[in-house]
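Everything on this sheet refers to the single structure shown next.
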Amino acid sequence: MNRAPVPPTTSLATTGAPVWLRVGTLFAGDDAGVLRDAHCVYDSAGILHAGREAPPRHLLRHGQTAPDVHLPAHTLLPGLIEAHAHLFLEGGQENPGLRAAGLKHPDAELLARARARLGRLLRLGITAVRYAGDRNAVGLALQRDYRAAGRGAMPYVDSPGAAIHHQGRYGSFMGRPIEEHASLEACVAARATAGAHRIKLLATGIINFDRGAVTTKPQLSAAELTGAVTAARGLGKQTMIHCSGHDGVANCLAARVDTIEHGFFIDEGQLARLRDLDIAWVPTFAPVQFQADHAAALGWSDAVRD
């Protein structure tokens, strides 16, 4: 039986020399669409060539006349982006007690586990991670790792540092409260000084699965969000807003935030306004689906599961 060639398990570009691949199918992510029997040349800095035509000689190693790897049964596509991740969390853990215990590891242990998860993501073809915040500076450390000279193979990472929330409201496991600072604007400035790539704010709580709704009032008003957005943009930072429920989304629209994360229970009219205002929506279906798939283990009631 003929078997397709097995791709190498380690990068061929670690020396900085270009690598030439020939693949059965190539999706370059542009107007060219899907290409058959295509070529790609890359090095440690990026993609040098992608298309049906064989690469020009000046992009190849001296004397190279054939691809380094020919994979006629494989598809090559641009690296995937994880748009919302908390790599310090034990996201795949079904046991609620162990999930809670995972938050109590020392900061160094949380960082070590997050680095291991990054390695697994890279092997899955995920080449960039938009980190969504933690209070232990794990994301900021991963961001520094990526920017460091001589770093090894890892996905691109950027981080907002600690999320911003009101004292006593949702978010203490991944954020620090506004009340640690003289004002919300001062809190935003402190995050930027700490190295935040963008500013993460918690505008609402989370879904009450028993009720099938967000049942608490938004924790950040439209005026507060507007002030935070203005402060962030004054520092050259985008805002990413944890938000679900109609009222919370309405506040985000009024403040013209940059992105709404989660956005459960958003309605069609609000979606149209997101489009018109060029606000990005980052839905996060996977965590809720995970809970639905493991409802009994995670303690969901029979009524919710039905």
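The values are calculated or read from the model by the stated rules, or taken from the named source; none is laboratory data. The structure presented is a predicted model; accordingly, all values stated were derived computationally and were not measured. Neighbour counts run over all protein chains shown; Cβ positions are idealised from the backbone, glycine included.
What the table below lists for this structure:
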{"read-out": "Selected residue (criterion: surrounded by the fewest Cβ atoms within 10 Å (Cβ to Cβ)) from residues of segment 112-141 that are of a type in the set (Gly, Ala, Ser) and not in a helix (DSSP H, G or I)", "value": "Gly125"}
{"read-out": "Search result, residues across segment 207-231 that are farther than 16 Å from Ala254 by Cα and crowded, with 16+ Cβ neighbours inside 10 Å", "value": "Ile207, Phe209, Val214"}
{"read-out": "Cross-chain or 6+ apart pairs with Cβ under 8 Å, segment 277-306 first and closer than 27 Å to Ile241 by Cα and outside any helix (DSSP H, G or I), then among the hydroxyl-bearing types (Ser, Thr, Tyr) and at pLDDT 85 or above", "value": "Ile279/Thr259; Ala280/Thr259; Trp281/Thr259; Val282/Thr259"}
{"read-out": "Of all residues making up segment 33-46, the number that are in a strand (DSSP E or B) and in contact (Cβ under 8 Å) with a residue 12 or more places away in the chain", "value": "9"}
{"read-out": "Some residue of segment 103-111 being modelled with pLDDT under 95, crowded, with 16+ Cβ neighbours inside 10 Å and either touching a Gly at 6+ places or on another chain (Cβ under 9 Å) or assigned to a helix (DSSP H, G or I) (or both)", "value": "no"}
{"read-out": "Filter pass, Arg144 being at pLDDT below 95 and part of a helix (DSSP H, G or I)", "value": "no"}
